[in-house]
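K.L.:
Can you keep this structure in mind? I'll have questions shortly.
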Amino acid sequence: MQSLVTPVHTPMAVEDLEARIRKACGVFDLEPMAPTGVVAGDVSTRRIGFFDTVVVALDARHVARGARAIRQDPGEHLFLLIQDEGHCRIDQGERSTRLSPGDMFLVDSVQPSSFVYDGARSSQLSIHMPRAEMVHRFGAMCTGGVGFSQSDPLWLAMRAVITKLLEEPFATQQLSEALLSLMGAYLQGMEKGEQARSSQTLLSRALAMIDLNCADPTFGASELARRMNVSERMLQRHFEALGETPRHRLLARRLELARTRLATTNSKNGIAGIAYDCGFNDLSYFYREFRKKYGLTPGSAVRCH
């Protein structure tokens, strides 16, 4: 992948490069790979469109922004970090992300972060975006550290806009807005995907719990909701994807279980015993629902067997 900028790696004292990083990006602590007191790197700044932008080249062990640094210098930005050359591992919150050339990661300056290079040469482009404005635009989804997948077509569109901004640093407002709009579309898609996965996870757990407990006559929709730690109304909303309610699902499983047992056992305990063993404690209700579902009585199901 072609680099966005040409990196500069100039030998300099560790404290000098650290001072340049702090001036451009805020309080970060730099740890060199070797105890020589010298690193190879550079920091340059430019403005593209709406955004202050910093190019950081270095060969350090890591650069970190801890809790003390944040107290000393409260974060005002989200940094859209583009890995231009080399590799880096970013640790922020509970997320650890390895960046290869072209990868993008939105760093939250108000949360501790660590950038690990292990002495390999790296060049990164950091686009500084006002945090308060970004949160106002996109909500909490843009905070806490967000990776942008190269497999998403929106990544390619974002890179194209960034390339154009670098070629035309005094570009019109439309390009800057285009970048923000593409980021917003990506974040919105990610949020919908997470909501869908969360919904699917809750639904799949509920279905498994119904299958496991359907023979228990004391197990109902309210107990299912309690065990899932959600309200009955929320549980019902998740079941709307199946076109049924938790109660209907539970009844269907009990009827299926009863029909299987009626057809595969010698019915020693009688139909009433099977009904009770399958979660029914009202025999007339069992007969009525069984006939409604299968078009025959439980006794007929036994005789058919």
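K.L.:
Taking only DSSP H segments of four or more residues, each worth -39500 (n - 2.57), what value at 222 nm results for the chain once the sum is divided by all its residues, to the nearest 500 deg cm²/dmol?
P.N.:
-15000 deg cm²/dmol
K.L.:
Right, something else. In nm, to one decimal, how far is the modelled label at Arg233 from the one at Ala64, with both set 7 Å along Cα→Cβ?
P.N.:
It works out to 4.7 nm between the two label points.
K.L.:
For the chain, rounded, prolate or oblate, judged on the Cα gyration tensor with a ≥ b ≥ c (square roots of eigenvalues), a/c < 1.5 rounded, else prolate if a/b > b/c? Show your work: numbers first, answer last.
P.N.:
Working: a/c = 3.79, a/b = 3.07, b/c = 1.23.
Prolate shape, in that a/c is at least 1.5 and a/b is the bigger ratio.
K.L.:
Which of rounded, prolate or oblate describes segment 20-102 when judged by the alpha-carbon gyration tensor and an a/c cut-off of 1.5?
P.N.:
Numbers: a/c = 1.20, a/b = 1.11, b/c = 1.09.
Cα axes put segment 20-102 in the rounded bin.
K.L.:
Sticking with this structure for a sec: Can you list the aspartates and glutamates whose alpha carbon is less than 18 Å from that of Lys293, not counting same-chain residues fewer than 8 positions off?
P.N.:
The reachable aspartates and glutamates, counting only those whose Cα sits under 18 Å from Lys293, are Glu244, Glu256, Asp282.
K.L.:
Lys/Arg Cβ at +1, Asp/Glu Cβ at -1, dipole of segment 221-304 taken about the Cα centre: which of Met228, Leu257, Tyr294 is farthest positive-ward?
P.N.:
Tyr294
K.L.:
Further question: Using amide H atoms built in the peptide plane, which far-off residues or other-chain residues are under 5 Å from Met33 H to H?
P.N.:
Under 5 Å from the amide H of Met33: Arg61.
K.L.:
To continue, here is another question. With charges only on Cβ, +1 for K and R and -1 for D and E, what is the dipole size of segment 221-304 about its Cα centre, in debye, rounded to 20?
P.N.:
Details: 16 positive and 8 negative charges, 27 e Å.
It comes to approximately 120 debye.
K.L.:
Give me the distance between the Cα centres of segment 90-150 and segment 205-276, rounded to whole Å.
P.N.:
So the separation of the two Cα centres works out to 46 Å.
K.L.:
Just subtract the alpha-carbon distance of Ala263 and Ser151 from 0.36 nm times their residue separation and send over the number in nm, one decimal. Intermediate results must be reported in sequence, preceding the final value.
P.N.:
On the way: separation 112, 0.36 × 112 = 40.32 nm, distance 5.17 nm.
Net length gain for the segment: 35.1 nm.
Laboratory data are not the source of any read-out in this text; all were calculated from the coordinates shown. What you see is a predicted model; the values in this text were computed from it and never measured. Heads up, the Cβs are rebuilt from the backbone with ideal geometry, glycines too, and the neighbour counts pull from every protein chain shown.
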